[in-house]
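Enquirer: Following this message is one structure expressed as structure tokens.
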Amino acid sequence: MTVSAGPARGTSRWAVLAVLCSSLLLVAMDATILNVALPSLIDDLRPGAMAQLWIIDIYGLVLGGLLVTCGAVGDRFGRRLLFLTGFVLFGAASVLAATSDSSAQLIAGRVLLGIGGAMVMPSTLSLIRTVFTDPHERALAIGIWAAVAGAGACVGPLVGGVLVEHFGWSAAFWVNVPVVVVTVLAGLRLLPEYRVPQTGPLDRGSALLSVAGIVALAWGIKHVATGDPGAADVAVLLLGLLLLALFARRRLASHDPLLDVRLFRNGPFLAAALATLLAMLAIGAALFLISLWLQYVHGYSPFQAGLRTLPSAVAMLAGSLCSPWVMHRAGVRTVLGLGLGAMVAAFLVLALTPVPNSYLVVAVVLAMLGAGDGLAMTAAASVLVSSVPAERAGQAGAVSETAYELGVGLGVALLGSIHGAVFTRHMTGLPLAGSELTTARGSVGGAVEIADQVGGEAGRLVLAAARAAFDDALTVTAYVSAGIVAVVMVLVVWLVPRGVRVTGGH
């Protein structure tokens with residue numbers, strides 16, 4: 001094992017945590033920061049309905065697809081090196097996205113942001129595993145890490161709202177640049193290096209299978225979820241499943257695997273990965289749809305909409321910081337069950353409340369989702385990192401981050417598509433025809449745009465229909481989300497034995 005004489009004792013390791021968390025904050029914020037910027041961005045770049053979804057979720061899909069490969073690269077060539085290189089790329093991609101004058105350039109910038117984020121995120125969790133050797137300190141550090149990750153996703157709409165309202169949507173990317181510069185300079189001074197000893201060459205075939213498999217799976221789910229899939233959509237989905245199956249088979253035969261799939265035979269490890277993936281699938285879609293609801297249905301400005309998502313950030317911070325304490329006393333299964341149960345309850349409150357929904361109900365739902373997510377995700381990350389030896393920490397970090405980011409991306413793609421399909425079905429009886437009717441039925445943003453164009457009584461009817469359809473679709477999506485999280489809650493309770501505690505690993 002090659003570890004530099006980096007911080008290991010005293011307050012210096014907490015300085016390392018501060019550097020890692022500053023990068024994590026930006027990467028997490030970028031998953032949701034465009035939620036409130038979308039209306040402004042639509043007015044400027046005029047992307048189509050499908051381009052809008054790709055602008056929002058391509059970041060998470062690319063990031064999720066590359067995390068496993070990047071975790072292995074960091075183990076072989078140095079986690080510090082990968083972290084710093086990825087963050088420099090993240091800064092450069094932010095400039096590309098900020099200067100976009102077309103949807104294609106913005107999507108390309110988001111792709112590069114996803115690549116840079118994929119290089120950064122496994123390194124943060126694996127370096128925590130390296131620097132914090134005491135299990136209780138590590139659990140606290142992971143709690144802070146999870147709080148930052150969750151809070152970043154939740155405050156993204158608020159920060160985006162402030163920036164968009166005062167400086168335009170491109171400021172949501174420009175804000176990354178100074179933080180990247182300061183963090184890279186601090187990282188050069190503070191971060192220790194770590195490489196796994198005696199690793200073989202990187203298995204490029206497996207890397208290609210993992211990336212192509214995850215991206216194909218995500219693309220297939222996205223298009224099949226629209227409710228009217230073509231043969232090509234189903235074929236891509238099946239291809240993704242086949243590629244991931246080939247990846248798993250290839251890894252089982254390897255003595256130095258890119259990802260040791262045998263880790264998933266461990267019940268708590270599998271439960272933690274499932275909890276992260278499916279819980280983030282639900283909450284990622286909820287934050288996206290609620291941000292649109294606040295702006296389009298209630299007419300809030302980007303800043304006002306972002307401010308009204310704060311209950312989730314505050315509750316997530318509290319849940320993440322409380323999770324290590326509760327885990328120490330009640331065990332992992334209890335914390336995961338409580339966190340996921342709170343999320344199920346939140347979605348049921350949203351689903352069962354008569355429409356039209358009020359902000360008070362949505363605020364309570366956001367707080368419940370935040371608290372549940374903070375409890376569950378901190379416990380899951382602690383299990384994933386602590387259940388593997390140090391030389392597998394990069395893989396554990398990659399699994400955690402893949403599940404987290406892929407969950408958010410798939411949530412927007414899958415549940416966002418379900419919401420869109422229900423919305424379209426409920427947009428009936430409109431005083432429109434031709435392209436105006438198609439645009440109004442395509443999305444709530446399109447409906448608001450058409451309502452403004454036609455004006456008068458017809459515009460008011462379109463706007464009222466869009467608001468009612470959005471609420472009805474939100475109810476359906478909340479039921480689906482509650483069902484997804486309830487299933488994973490049952491699986492987690494079944495997979496994690498009673499009394500399991502987070503330990504120092506192998």
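Enquirer: Which count do you get for residues in segment 343-359 that are crowded, with 17+ Cβ neighbours inside 10 Å, β-branched (Val, Ile, Thr) and assigned to a loop (DSSP other than H, G, I, E, B)?
Expert: Qualifying residue count for the region: 1.
Enquirer: On to the next question. Would a scan of segment 46-53 turn up a residue that is in contact with a Lys or Arg (Cβ under 9 Å, 6 or more places away or on another chain), under 20 Å from Gly407 (Cα atoms) and either open to solvent by 10 Å² or more (accessible area, probe 1.4 Å) or modelled with pLDDT of 80 or more (or both)?
Expert: Residues of segment 46-53 in contact with a Lys or Arg (Cβ under 9 Å, 6 or more places away or on another chain): 53.
Next, from what is left, pick out any that are under 20 Å from Gly407 (Cα atoms): 53.
In the following step, the residues that additionally are either open to solvent by 10 Å² or more (accessible area, probe 1.4 Å) or modelled with pLDDT of 80 or more (or both) were identified as 53.
Yes; the residues of segment 46-53 include at least one that is in contact with a Lys or Arg (Cβ under 9 Å, 6 or more places away or on another chain), under 20 Å from Gly407 (Cα atoms) and either open to solvent by 10 Å² or more (accessible area, probe 1.4 Å) or modelled with pLDDT of 80 or more (or both).
Enquirer: Any residue in segment 89-97 that is at pLDDT below 90, under 23 Å from Val182 (Cβ atoms), in a helix (DSSP H, G or I) and open to solvent by less than 10 Å² (accessible area, probe 1.4 Å)? Write out each step before concluding.
Expert: Taking segment 89-97 as the starting set, the residues that turn out to be at pLDDT below 90 are none.
No: segment 89-97 contains no residue that is at pLDDT below 90, under 23 Å from Val182 (Cβ atoms), in a helix (DSSP H, G or I) and open to solvent by less than 10 Å² (accessible area, probe 1.4 Å).
Enquirer: Still on this model: I'd like the full set of residues that are under 10 Å from Gly91 (Cα atoms) and surrounded by 13 or more Cβ atoms within 10 Å (Cβ to Cβ), limited to segment 167-183. Give the steps one after another, and end with the answer.
Expert: Here is the first cut: in segment 167-183, the ones under 10 Å from Gly91 (Cα atoms) are 173-181.
Selection gives Phe173, Trp174, Val175, Asn176, Val177, Val179, Val180, Val181.
Enquirer: Could you identify the single residue in Gly161, Gly116 that is closer than 20 Å to Ile55 by Cβ and at pLDDT 90 or above? Steps first, answer last, please.
Expert: Working: Gly161 fails: at pLDDT 90 or above.
That would be Gly116, the only listed residue that is closer than 20 Å to Ile55 by Cβ and at pLDDT 90 or above.
Enquirer: Would you mind listing the helices (runs of 4 or more DSSP H) fully within segment 411-506 where at least 3 residues are closer than 30 Å to Leu140 by Cα and of a type outside the set (S, T, N, Q)?
Expert: Working: elements: 416-426, 434-442, 444-454, 456-495.
Here the list reads 456-495.
Enquirer: Which members of segment 426-480 meet the condition of being among the aliphatic types (A, V, I, L, M), farther than 16 Å from His298 by Cα and either in contact with a Pro (Cβ under 7 Å, 6 or more places away or on another chain) or in contact (Cβ under 8 Å) with a residue 40 or more places away in the chain (or both)? Give the steps one after another, and end with the answer.
Expert: Initially, segment 426-480 is screened for residues among the aliphatic types (A, V, I, L, M), giving 427, 430, 432-433, 437, 440, 444, 447-448, 450-451, 454, 458, 461-466, 468-469, 473-474, 476, 478, 480.
With the extra rule that they be farther than 16 Å from His298 by Cα, the set shrinks to 427, 430, 432-433, 437, 440, 450, 454, 458, 476, 478, 480.
Listed by number, the residues that qualify are Met427, Ala458, Val476, Ala478, Val480.
Enquirer: Does any residue in segment 209-223 that is within 15 Å of Ile115 (Cβ to Cβ) come within less than 9 Å, Cβ to Cβ, of a residue that is modelled with pLDDT under 70 and surrounded by 24 or more Cβ atoms within 10 Å (Cβ to Cβ) six or more places away or on a different chain, and which pairs are these?
Expert: Pairs that qualify, where the first residue is within 15 Å of Ile115 (Cβ to Cβ) and the partner is modelled with pLDDT under 70 and surrounded by 24 or more Cβ atoms within 10 Å (Cβ to Cβ), are Ser210/Leu258; Ser210/Leu259.
Enquirer: Can you tell me which residue in segment 297-309 is nearest to Pro135 (Cα to Cα), limited to those that are surrounded by 18 or more Cβ atoms within 10 Å (Cβ to Cβ) and at pLDDT below 85?
Expert: Of all residues in segment 297-309, those surrounded by 18 or more Cβ atoms within 10 Å (Cβ to Cβ) come to 297, 300, 302-303, 305-306, 308-309.
Then keep just the ones that are at pLDDT below 85; that gives 297, 300, 302-303, 305-306, 309.
Working: Val297: 47, Tyr300: 45, Pro302: 42, Phe303: 40, Ala305: 40, Gly306: 36, Thr309: 33 Å.
My answer is Thr309.
Enquirer: So, in segment 101-122, exactly how many residues are open to solvent by 10 Å² or more (accessible area, probe 1.4 Å) and either of a type in the set (A, V, I, L, M) or in contact (Cβ under 8 Å) with a residue 40 or more places away in the chain (or both)? Give the steps one after another, and end with the answer.
Expert: Let us first name the residues in segment 101-122 that are open to solvent by 10 Å² or more (accessible area, probe 1.4 Å), namely 101-105, 107-108, 111-112, 115, 119.
Still in the list and also either of a type in the set (A, V, I, L, M) or in contact (Cβ under 8 Å) with a residue 40 or more places away in the chain (or both): 101-104, 107-108, 111-112, 115, 119.
The number of residues fulfilling the criteria is 10.
Enquirer: Show the residue pairs that are 6+ apart or on different chains and have beta-carbon atoms under 7 Å apart, the first residue being within segment 42-61 and in contact (Cβ under 8 Å) with a residue 60 or more places away in the chain and under 22 Å from Met29 (Cβ atoms), the second being open to solvent by 30 Å² or more (accessible area, probe 1.4 Å) and part of a loop (DSSP other than H, G, I, E, B).
Expert: Once the first residue is in contact (Cβ under 8 Å) with a residue 60 or more places away in the chain and under 22 Å from Met29 (Cβ atoms) and sits in segment 42-61, its partners that are open to solvent by 30 Å² or more (accessible area, probe 1.4 Å) and part of a loop (DSSP other than H, G, I, E, B) give Leu45/Ser102.
Enquirer: Tally the residues that are within 22 Å of the chain's Cα centre (by Cα) and either at pLDDT 80 or above or among the hydrophobic types (A, V, I, L, M, F, W, C) (or both), restricting the search to segment 124-139. Let's see the steps before the verdict.
Expert: Going residue by residue through segment 124-139, those that are within 22 Å of the chain's Cα centre (by Cα) are 124-129, 139.
Within this subset, residues satisfying the condition of being either at pLDDT 80 or above or among the hydrophobic types (A, V, I, L, M, F, W, C) (or both) are 124-125, 127-128, 139.
Of the residues in segment 124-139, 5 are within 22 Å of the chain's Cα centre (by Cα) and either at pLDDT 80 or above or among the hydrophobic types (A, V, I, L, M, F, W, C) (or both).
The values are calculated or read from the model by the stated rules, or taken from the named source; none is laboratory data. The structure presented is a predicted model; accordingly, all values stated were derived computationally and were not measured. Cβ coordinates were reconstructed from backbone atoms using ideal geometry, including for glycine residues, and neighbour counts include every protein chain displayed. For accessibility, only protein heavy atoms count, side chains too; no ligands or nucleic acids. Shrake-Rupley method; radii C 1.70, N 1.55, O 1.52, S 1.80 Å.
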